[in-house]
Number of protein chains: 2
Amino acid sequence: MNMKIAILGGTGEQGFGLALRLAKNYEIIIGSRSREKAEESAERIKKILSSKKISYRNVIGMENREASREGDIVILSIPYQHTISTIKNLREELKGKIVVSIGVPLAGIIGDKPTRVILPPEGSVAEMVQQYLKDSKVVSAFQNVSAKVLECIDEPVDCDILICGDNEEAKRKVIEVVNSIEGCKGIDCGELEMSRYVEQITPILIGLNIKYKLKGSGIRITGLRM
Amino acid sequence: MNMKIAILGGTGEQGFGLALRLAKNYEIIIGSRSREKAEESAERIKKILSSKKISYRNVIGMENREASREGDIVILSIPYQHTISTIKNLREELKGKIVVSIGVPLAGIIGDKPTRVILPPEGSVAEMVQQYLKDSKVVSAFQNVSAKVLECIDEPVDCDILICGDNEEAKRKVIEVVNSIEGCKGIDCGELEMSRYVEQITPILIGLNIKYKLKGSGIRITGLRM
């Protein structure tokens, strides 16, 4: 497991939560447009983990481009509306790499409700990312787990992580990363295009979080052990 | 619970499974285009339940129109492509009633894969139904539970049922019906338009069923008890 995981936009909520959880088993590179912000975030993560007496590998902060170059696996924790503009400048750095799309096309970007989606022409954020990063191995994951749940590192995460992608080996590696988070189970849901349906589970969960004032609902798949 | 539940298209797989499960607590009217087929199905259900020594109220078969008139709650177990043509002739009979949409807009109707959807202009089957039955209280349910799992009446159903609808009282009644099935839990997911996202969970589950040769995967929502 001597892999370096870069999290672009790792200063954001979802990226920060993932970094906290993954730092236990992987070297983490927080990426941001600003190196200072990335380093700040990295320090904050180390401080939280130390205060909880959780051992970790290393957490460092870098500018997005440098982070893309350094990471063996690169997680895109970038707002929907900034995804294309960010990745189209990182094609070279991300060539041949496993790129994990965690984005959800929420309609908030046009001022609509967070319980609605506005789909990209490709059908899903993950397919959109693959369209712009033709030479990367795009895997879709982590759309249905709440940032707040990830941040509560004292508790296991009660959520399955649905994995989609067209490269089998890349999916296997991402499932290994997912399964390193206590309570998470990675489930291979087939081709990358299935991410359309996985991304659209999130508005249901957001709706439940609002309606029932939850920290973060999630999902489990039943009927798998037969 | 002295309610009569009509299941239009109750001779089909999903309707048959629901009838088997619901007959324990409700009078069931199987609806079909042909009264003979409906009556045959009703007999088959009674025979199965009797052989399992499961007590039931009553199960009868009727032509769809008569069934619509008789049922207090009417479940639409009709193939996607025949939904509009069936319901537009039943507007009068379904006026003021709770109509449960269980359909999923699978792309099989155009010869495409069962792991894809082809959405109606309204966004979901449930919204399409409401569009054609303006005077009925449409509630969306049962899209994510497999017919095969419903048919195994010796085992509880390991699946949450996501409920969407614009009429609160109608939703409450449907949740009561759902919760009468052992193992099922009805979860109010908000307005009818949320059915768009609920219906699109089904292609993921179908994909898992095919990939892992499952009897029927399902879902559970986590994080609700906080």
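The alpha carbon radius of gyration of chain A, expressed as a multiple of 2.2 N^0.38 Å, is 0.94. Here each label is just a point 7 Å from Cα along the line to Cβ, and for B:Lys113 and B:Ser51 those points are 3.7 nm apart.
About its Cα centre, the dipole of the stretch B:34-94 is roughly 320 debye, where the only charges are +1 on Lys and Arg Cβ and -1 on Asp and Glu Cβ.
Once backbone amide H atoms are built at 1.01 Å from N, A:Gly190 has A:Gly165 as its partners under 5 Å, excluding neighbours fewer than 5 places away on the same chain. For the protein assembly as shown, what D do you get in µm² per second when you plug the Kirkwood radius from alpha-carbon pairs into Stokes-Einstein at 20 °C and 1.002 mPa s? Calculated translational D: 93 µm²/s. Each copy carries a label point for B:Arg225 at 7 Å from Cα toward Cβ; from one copy, the others' points are 1.8 nm away, ordered from shortest. Placing +1 on the Cβ of every Lys and Arg and -1 on the Cβ of every Asp and Glu, with nothing else charged, gives the protein assembly as shown a dipole about its Cα centre of roughly 580 debye. Test of understanding: in a Gaussian network model of chain A with alpha carbons linked when under 10 Å, which of A:Val145, A:Val99, A:Val177 would top the mean-square fluctuation ranking? Highest fluctuation of the listed residues: A:Val177. Here B:Lys137 is the anchor, and the lysines within straight C-alpha reach of less than 17 Å, apart from those fewer than 8 places off in the same chain, are B:Lys4, B:Lys88, B:Lys95, B:Lys97, B:Lys171, B:Lys173. Think of chain B as having a plus end and a minus end, set by charges on the Cβ of Lys, Arg, Asp and Glu; of B:Ala38, B:Gly12, B:Val149, B:Val149 sits farthest toward the positive end of this dipole. Put a dot 7 Å past the Cα of A:Glu92, heading toward its Cβ, do the same for B:Cys152, and the two dots end up 5.5 nm apart. Please give the residues of the stretch B:96-134, grouped as numeric ranges, whose backbone N is less than 18 Å from a label point set 7 Å along the Cα-to-Cβ vector of B:Ile210. Hits in the stretch B:96-134 for B:Ile210 at 18 Å: B:104-119.
Taking B:Ile204, B:Ile181, B:Ile60 in turn, the Gaussian network model of chain B (Cα-Cα springs below 10 Å) assigns the largest fluctuation to B:Ile204. Taking amide H positions as modeled 1.01 Å from N, with prolines and chain starts lacking one, the residues under 5 Å from A:Val117 and 5 or more places away or on another chain are A:Ala107. Averaging the sequence gap over all C-alpha pairs within less than 8 Å and six or more residues apart, then dividing by the number of residues, gives the stretch B:52-107 a relative contact order of 43 percent.
For B:Ile75, the residues 5 or more places off, or on other chains, whose built amide H falls under 5 Å of its own are B:Ala6, B:Ile7, B:Leu8, B:Val100.
Okay, helix-only estimate at 222 nm for chain B: each DSSP H run of n ≥ 4 adds -39500 (n - 2.57), divide by all residues, round to 500 deg cm²/dmol; what do you get? Could you put the intermediate results ahead of the total?
Numbers: 10 runs with 83 residues, N = 226.
Calculated from helices alone, the mean residue ellipticity at 222 nm is -10000 deg cm²/dmol.
On the beta carbon distance between B:Asn2 and A:Met3, with R0 = 60 Å, the FRET formula returns roughly 0.45.
With the cut-off at 1.5 for a/c, could you classify the stretch B:9-49 from its C-alpha gyration tensor as rounded, prolate or oblate? Numbers along the way, then the final one.
Working: a/c = 1.72, a/b = 1.48, b/c = 1.16.
Verdict is prolate for the stretch B:9-49.
For the stretch A:153-162, backbone phi angles converted through the Karplus equation (6.51, -1.76, 1.60; θ = phi - 60°) give residue-by-residue couplings of 5, 6, 10, x, 8, 8, 7, 7, 10, 7 Hz, Gly and Pro being listed as x.
Treating only the Cβ atoms of Lys and Arg (+1) and Asp and Glu (-1) as charged, compute the dipole magnitude of chain A about its Cα centre; round to the nearest 20 debye.
Numbers: 33 positive and 30 negative charges, 103 e Å.
Once rounded to the nearest 20, the dipole reads 500 debye.
Inter-copy label distances at B:Ile48, shortest first and taken from points set 7 Å along Cα to Cβ: 4.9 nm. Each DSSP beta bridge with both residues in the protein assembly as shown is either parallel or antiparallel, and the antiparallel ones are about 15%.
Go through A:Gln81, B:Val104, A:Ile109 and say which Cα lies farthest out towards the positive end of the charge dipole of the protein assembly as shown; charges sit on Cβ, +1 for Lys and Arg, -1 for Asp and Glu. Going by the Cα projections, it comes out as B:Val104. Take B:Asp135, move 7 Å from Cα toward the beta carbon, and the resulting point lies 6.5 nm from the same point in each other copy, nearest first. Considering only B:Ser101, B:Ser180, B:Ser55, the Gaussian network model of chain B with Cα springs below 10 Å gives its largest mean-square fluctuation to B:Ser55.
Taken together, the values in this text are just the output of simple stated rules run on the coordinates, not laboratory data. All figures in this text were calculated on a predicted structure; none of them were measured in a lab. Virtual Cβ from ideal backbone geometry, glycine too; neighbours counted across all protein chains shown.
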